[in-house]
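A.B. asks: Handing you a structure now.
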Amino acid sequence: QKHCKKNKVELALHTMFRDSLAYGIGPVAPAWDIRRGTRRVMREEGHFTGAFQRLMGRQPVIEEEETILFEGNKLTNIDPYNVLPDPTVSIHDIQNGEFFGWVEETNLSELLRREQNDENYFNCRYLKHIKNRKVDFSNDSHARNVKTNISKDALGDEVSQVQIVHMYVDLIPEDWKLGDNEYPEKWLFSVAAGEVVIQARPLGLNHGMYPIAVAAPTFDGYSISPHSKLETLYGLQETLNYLFNSHITNVRKAVNDMLVVDPYMLNINDLKDPGPGKLIRMRRPAWGRGVKDAVMQLNINDITRHNISDSAWILSWMNNIVGSDESMMGSLRQTGPERLTRGEFEGTRQSAISRLEYIGRIISVQAMQDIAYFFASHTQQLMSEETYVKTIGEWEERLKSEFNVAEGMAKVTPKDLLIDYDVDIRDGSLPNNQSAEVFMQFFEIIAQHPELNQQFDIKRIFKHIARSHGVKNVREFYRQDAQTMADEQVEQEVAKGNLVPAGG
């Protein structure tokens, strides 16, 4: 949780969810982030410290030292336009692929900073002598830049843009002349500007996987690039745009008068004046003949008047296809033979939650589960600094008794994490709570009848109802009752100083 707050992992997850629905895939790269900098520290001079130094009139010296300010997990989004997956495996099975790569777009200053603080980077300073720092197969002219009319090429040489190809490869070191091992190892190569190698190393991660997770809720189990939900609407969206734009074009044509003018009878320059209250002068040959036949408005036939109603019909089909009807958008039925009933409201809401729950569960299994496992494994292997954590939740009392922690904070060292573990994640999906309403009725009946209360465990029923509604931390709300101790045990604790009389 500390890493997620420090590195704003929630924003990366939001982008992953959005990419998975807009482009079909939402790839992310978990990594271990180390931030170095200076820190002000206070040092004592001489062999004596504390009060003795102050008695001698010596003040502590404040210095600045280079240190690690923060280390922890971070999550980096990969642009779906720039991803380079292995086409021999499905998108949900990238760990069995022979390689996985992507193109990163950054700048020269960032690369020089990485070379300074990260020993895995090298040769970055040589990029200053290369003019074109882009790779040939990078898709930079995609729809996002074209639509906003923002192109990185238009920036010229003012911004030192660099494109890097990162590639994880499951290779045999002996075949690549990188070692004597005859079995596959996972390596990372990074090539900047298409010609300068800035990373080349074995991963050496304990989990033995590519540190890549992909969310693809519309995958079919076979394709490397599944169709997204928005892509299924592309044809209807193009038709909708045409109907609406053609109607607006026709309205603009009608608003701008289409006139047939006899320039021999009228002063054409007066007629061109678009301002209101205009004065149009007749030419001298037309004086006294009247103005009836001098100008004529062309007949305008609005052949697009039904386009708006057709647009509403197409939009309703689009909502039905992707499951984003009124109930999904928080709107209730406004038409019908009678008013909205409770059963219809609850059934509609449950159907909407079920469709969202399906997407949530797929993304949870594909991406969230891997991200949680990567974060735990990287913390166990790569953590080098001591840190303090809060002892909260149902494990608070166990942590206090096992580590003899009296306060709400506990110090954790890297060696404390050398344990076997399982990762239990909390995703956004809700369990099926159709039976929760029935148990709510049972709970009310049992609570009101003493005989049923003696036969059924009402506490366990309440916990089941809470879990059915998605509450997984029920134990955090337990009441801490007073403990009953024997008189002899109380006397021993008082002698030790652990207990005091009430009001003492």
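A.B. asks: Could you tell me which of the residues G24, G57 is at pLDDT 85 or above and part of a loop (DSSP other than H, G, I, E, B)?
C.D. replies: Working: G57 fails: at pLDDT 85 or above.
Exactly one of G24, G57 is at pLDDT 85 or above and part of a loop (DSSP other than H, G, I, E, B), namely G24.
A.B. asks: Give me the residue from region 154-195 that is open to solvent by less than 20 Å² (accessible area, probe 1.4 Å) and over 27 Å from the mean Cα position of the chain (by Cα) and, out of that set, modelled with the lowest pLDDT.
C.D. replies: Within region 154-195, the match that is modelled with the lowest pLDDT is A193.
A.B. asks: Here is a further query. Considering I91, I130, I78, I34, which residue is more than 25 Å from I212 (Cα to Cα) and either of a type outside the set (F, W, Y) or modelled with pLDDT of 90 or more (or both)?
C.D. replies: Values: I91 fails: more than 25 Å from I212 (Cα to Cα); I78 fails: more than 25 Å from I212 (Cα to Cα); I34 fails: more than 25 Å from I212 (Cα to Cα).
Exactly one of I91, I130, I78, I34 is more than 25 Å from I212 (Cα to Cα) and either of a type outside the set (F, W, Y) or modelled with pLDDT of 90 or more (or both), namely I130.
A.B. asks: Where residues in region 226-260 are assigned to a loop (DSSP other than H, G, I, E, B) and of a type outside the set (D, E), which of them is modelled with the highest pLDDT?
C.D. replies: Initial filter on region 226-260 (assigned to a loop (DSSP other than H, G, I, E, B)): 226-230, 256-258.
Still in the list and also of a type outside the set (D, E): 226-230, 256, 258.
Values: P226: 91, H227: 88, S228: 88, K229: 84, L230: 85, N256: 69, M258: 70.
My answer is P226.
A.B. asks: Which one of these is open to solvent by less than 60 Å² (accessible area, probe 1.4 Å) and under 30 Å from Y23 (Cα atoms): S309, S228? Step through it out loud before you land on a result.
C.D. replies: Numbers: S309 fails: open to solvent by less than 60 Å² (accessible area, probe 1.4 Å).
Going through S309, S228 in turn, just one is open to solvent by less than 60 Å² (accessible area, probe 1.4 Å) and under 30 Å from Y23 (Cα atoms): S228.
A.B. asks: Looking at region 196-225, which of its residues are surrounded by fewer than 19 Cβ atoms within 10 Å (Cβ to Cβ), part of a strand (DSSP E or B) and hydrophobic (A, V, I, L, M, F, W, C)?
C.D. replies: Residues satisfying the conditions are V197, A200.
A.B. asks: Are any residues in region 1-31 buried (at least 20 other Cβ atoms within 10 Å of the Cβ) and over 12 Å from A215 (Cβ atoms), and if so, which ones?
C.D. replies: Passing the criteria: V9, A29, P30.
A.B. asks: Okay, moving on. For region 257-266, name all the residues that are open to solvent by 40 Å² or more (accessible area, probe 1.4 Å) and over 23 Å from I300 (Cβ atoms).
C.D. replies: Hit for region 257-266 is Y264, nothing else.
The values are calculated or read from the model by the stated rules, or taken from the named source; none is laboratory data. Since we're looking at a predicted model, the values are computed, not measured. Note that we place each Cβ from the backbone using ideal geometry, even for glycine, and neighbour counts take in every protein chain shown. Just the protein is used for accessible areas: all its heavy atoms, side chains included, with ligands, DNA and RNA removed. Shrake-Rupley method; radii C 1.70, N 1.55, O 1.52, S 1.80 Å.
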